[in-house]
Amino acid sequence: MSELSATVMNLPRRDAQDKLRGRTKYTNDRVRPDMLHAVLLRSTVSAGRIRKLDLSAALRCPGVRAVATGADAPGLYGIGIADHPLLAIDTIRYHGEPIAVVAAETEKQARAALAAIVLEIEPLAPVSTMAEALQPAARLVHEGWRGYEVITEGGARAGNIAWEAKSSRGDVDAAFARPDIRIVESSFTVGRQSHVPFEPRVAIGSWEDGRAHIQTSTQVPWTVRNVTGRVMQLAPGRVRVTVPPVGGGFGLKFDASIEPITALLARMTGRTVVLENTRQEEMATCLCRENAEIRIRSAVTAEGYIAGREAVVLMDCGAYGGEQVFLTTMTAHTLGGNYRVGATRLVSRAVYTNTPPNGAFRACNGVYNTFALERHTDEICDALGFDPMEFRKKNVLGDGDLGATGQVFEADVLGPMLDRMETLRASTGTSEAKADSRLYGIATTVGTWFVFVGPSAATVNLNADGSATLVTSGVEIGSGTMVQSLPQIVAGQLGLAPDQVIVREADTDAAGLDVGVGGGRTTVSIGAASIAACAEVREKLLRTAGEMLQTRPEDLVLRDGRVEITGRPGSGMSIPAVVAHAQATTGPITGSGAFAARNTPAMSGCAMGHFIDALDIPVFVVHEAEVAVDPDTGHVEVLAYRVVQDVGRALNPRAILGQIQGGVVQGLGYALHEEVTLTADGRIAQDDFETYRLPLAQDVVPVAADLYEGAPSMGPLGTKGAGEVPILAVGAAIGCAVARAIGKPVRQLPLTPPRVLRLLHEREPPPEFPHVAPGWALNTLG
Amino acid sequence: MVVTFQLNGEDCSFHGDPMTPLVDILRRERFLTGTKAVCREGFCGACTVHVDDEAVPSCLKPIGLVQGCAVTTIEGLSSGNQALHPLQANLEAADAVQCGMCCPGIVMSLSAFVRDNPHASRPEIKAAMVGNICRCTGYERIVDAVADCLDQARKAGQSVGGLHV
């Protein structure tokens, strides 16, 4: 395919020089002296009722231009369920919850006015953990949960269970009752992970011609537009969102949070208002990867056939449902992925607690479910005496196998990828010698993820200088899609060089709807919409050229900036000449394109409360880690790390390898030392870089990676998303490798040195979930 | 109080609280936003500048302490149409940039390092990066770029510091 050979390349990033010179203007670099500064009054208790909120003294403070509370923007927002106010209304549900906001000429004046707000809160006993929240007599975090607007139908809900998704396929009871099986049960618990994007959440709002304009550091301009409309009770079309380059997202910016506040204040003051989280606020109210508790049981025959499997997954959504409501869906595809299983039933519950709300984080839900599934798989192998690699080769999903919701997987992908890992290991060698006198472990694990497809739109304008302008709602968050894959795709379609493709940054007034940059979807979804737009451009271009050249359009090709007659290089005419002719005769050449999910079917009746019943584009990984554990200190050193990743088609292999290195290192942080804990008063204890231990250069190793191409994909040119998935199986690979090194079961992450020492000395209590009932069905709302 | 200093080669004065962090003067008064204020506690290195040729985090530098000093920010390292500093060029060539917010601080920290350590090994480069955090790239390509930069300078028989402002 010629367009493929014209598309695949290691295109460098066009934004690299400005970023290296410090010239790129992120949202928080755009603060001007004439802007108002907004600061938030946040709760210092985790549960309570607002008894008094008196703004009068604050309004009289010098420099103050506006003070707003929840009453000024009373609409509720959310994913699945609208349960979240912009600013607390009557009830406080988490430590750090915004209650009021002050806009003043300077930040100092705004902070002084904040101190003048009179706030009285009647504290309530907080519901601090999922175990507390699931007690029959637990106080409801949302007393009025029944009255909330349900945005997406289908999930079971009750009290502190914000959402429940179930999948059930086959007769699990019969599988567990078979005489020829052994039952293996494992429990796992994981903490939260903080994204720590270098640019915190920040927005600049103005009010222009009766409409809001928000510039913000977001992955989801259309969500910000729609949520702002909801909370301000405006038609969403009265909100415009534009997005400068984003200084890191990782999923944190996949939901609206503080952005609508700037629009509200801009409307109240007629001024442009900036609101930027301090680092402390950013970390204390981070929409973290959720803490979770997982119990999984499997019925396995002596031959190594997994006859039945059931699991209960509890996901802490914190004070508001947010992304976790959606993510309950993913358990069926992550914990329910990887392996061929006879009968299976899984329940996943998002549970309200009086803790800061959680959100989306790169390979959400998948990271810990893959850890749990892979450690459970090793526990099966230990219990039944199987070789872990042989067991995986025998049981990984292959062509025609059924997923947890009854989806039929196409092609053998994981099996050949395991073989490729062995080849990769043979080429790199192993690092056992580096362990020296420490305990050495190696583990190979697998993972199943997907591309979050969903709607995208694109417009391509072909210009008379031979350049093309691509207009989408895409955002450059660092992954490179806007500066590498998209210009490569458009250039390949139109016979241009990638530097002739101008890529417009997101502006909801200029481009059509988009679900946002996340879930590995940009290259696939915006790429597909862009190809559709290019098809219209090509058609117009070739029709015009055909008239000019007196040749049939189907005999023409686009190559190297020219319209040529097929098989006659150098014939025909330049694209600018054709564009100029079209502009003077039929009008400028533009094309528009759209893309939506295919909605691959599940088996009837298998998926309940799911936002996605089956995966349109599954993505698989094989990860292998080698570790050395110091038995005296509990320190885990990663000696080597190898990845085989299913990429469908690698449009820019060098960029993908960069995503793999970065994603694996984020995963190493999650597996080993990024720990979020909550204080007795419900506060996130790690709210700065001293207490939250991010990976440093000395912690990491170069990741050896092999890109597996050719697995089926509905993505354009056979692509799959490549930036999300590299973090997926890191907790799994490290957890399994450490367990093998120390000879003890690992059932919790992160594996900090104190935890590893406790495991070594058998002083780490295994996770126990008295709030998870022994029978699977008792953990469902029926 | 009045503080006078040189900023990217030009005389500059500041009137106000001498405890004001240098990063705030750079970003809020001089609009030199290439210097990033990320953690404001000296851990991340994103606000690194050169003060009298030494790489320092500008969040921990009270403006009163730069009296009489020469301050160079990322904007002053290769200004206008000047070629990239060799370290910047190597970072670009290594495809070491993602979100880019750590990049100016990395460049300022490690440009001083390569000037002073022409024979640094890979472990020494990693040790020198203890004060610079990158959340996107997983570091190895940054280390590659520093190693390449030193390699090129050695082959050319030059020190990378020769191009330092």
Query raised in the report: Taking H as built 1.01 Å from N, whose amide H comes closer than 5 Å to the amide H of B:Cys12, not counting residues under 5 places away?
Result: B:Phe5, B:Leu7
Query raised in the report: Dipole magnitude of the range B:86-157 about its Cα centre, charges +1 at Lys/Arg Cβ and -1 at Asp/Glu Cβ only, in debye to the nearest 20?
Result: 120
Query raised in the report: By DSSP, what percent of the beta bridges with both residues in the range A:387-520 are antiparallel, rounded to the nearest 5?
Result: 55
Query raised in the report: Put +1 on the Cβ of each Lys and Arg and -1 on the Cβ of each Asp and Glu in chain A; which of A:Ser167, A:Ser186, A:His142 then has its Cα farthest toward the positive end of the dipole?
Result: A:His142
Query raised in the report: For the range B:2-77, what relative contact order do you get, as a whole percent, if you take Cα pairs closer than 8 Å and at least 6 residues apart?
Result: 41
**Report entry** Gap separating the Cα centres of the range A:307-368 and the range A:103-177, nearest whole Å
**Finding:** 16
Query raised in the report: With each run of n ≥ 4 DSSP H residues scored as -39500 (n - 2.57), what mean residue ellipticity at 222 nm is computed for chain B after dividing by its residue count and rounding to the nearest 500 deg cm²/dmol?
Result: -9000 deg cm²/dmol
Query - Magnitude of the charge dipole, the protein assembly as shown, Cβ model with Lys/Arg +1 and Asp/Glu -1, debye to 20 - result: 980
Requested in this report: For A:Ile92, list long-range residues whose amide hydrogen, built 1.01 Å from N in the peptide plane, is under 5 Å from its own amide hydrogen.
Outcome: A:Gly48, A:Arg49, A:Ile50
Requested in this report: Determine, for B:Asp144, A:Asp399, the number of other Cβ atoms within 10 Å of each Cβ, and report the residues in order from fewest to most.
Outcome: A:Asp399, B:Asp144
Query - Principal axis dimensions, largest first and in whole angstrom, of chain B by Cα - result: 48, 32, 27
Report summary line: Ordered by fewest other Cβ atoms within 10 Å, a rough proxy for footprinting exposure, A:Ser128, A:Ser473, A:Ser168 read A:Ser128, A:Ser168, A:Ser473
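Hey, what does the equivalent ellipsoid look like for the protein assembly as shown, semi-axes from the Cα gyration tensor as sqrt of 5 times each eigenvalue, largest first, whole Å?
40, 36, 32
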Report summary line: Note on chain A, DSSP bridge orientation, antiparallel percent to nearest 5 equals 80
**Report entry** Per-residue ³J(HN,Hα) for the range A:349-364, Karplus 6.51 cos²θ - 1.76 cosθ + 1.60, θ = phi - 60°, Hz, x for Gly and Pro
**Finding:** 10, 8, 10, 6, 9, 8, 10, x, x, 9, x, 9, 8, 2, 6, 3
Query - Ellipsoid semi-axes in whole angstrom, largest first, where each is sqrt(5λ) of the Cα gyration tensor of the range B:2-77 - result: 17, 14, 11
**Report entry** Dipole of the protein assembly as shown [Lys/Arg +1, Asp/Glu -1 at C-beta], most positive-end residue of A:His213, A:Gly318, B:Gly80
**Finding:** A:His213
**Report entry** Rule-of-thumb Rg ratio for the range A:240-351 [Cα; 2.2 N^0.38 Å; N residues]
**Finding:** 1.57
**Report entry** aspartates and glutamates whose Cα lies under 15 Å from that of A:Lys393, excluding same-chain neighbours fewer than 8 positions away
**Finding:** A:Glu303, A:Glu374, A:Asp378, A:Asp401, A:Asp412, A:Asp419, A:Glu422, A:Glu624
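Suppose only helical runs count, i.e. DSSP H with n ≥ 4. What mean residue ellipticity at 222 nm does that imply for chain A under -39500 (n - 2.57) per run, divided by all residues and rounded to the nearest 500 deg cm²/dmol?
Computed mean residue ellipticity for chain A: -7500 deg cm²/dmol.
Taken together, the values in this text are just the output of simple stated rules run on the coordinates, not laboratory data. Owing to the predicted nature of the structure, the values given are computational and were not obtained by experimental measurement. Note: ideal-geometry Cβ built from the backbone for every residue, glycine included; neighbour counts use all protein chains shown.
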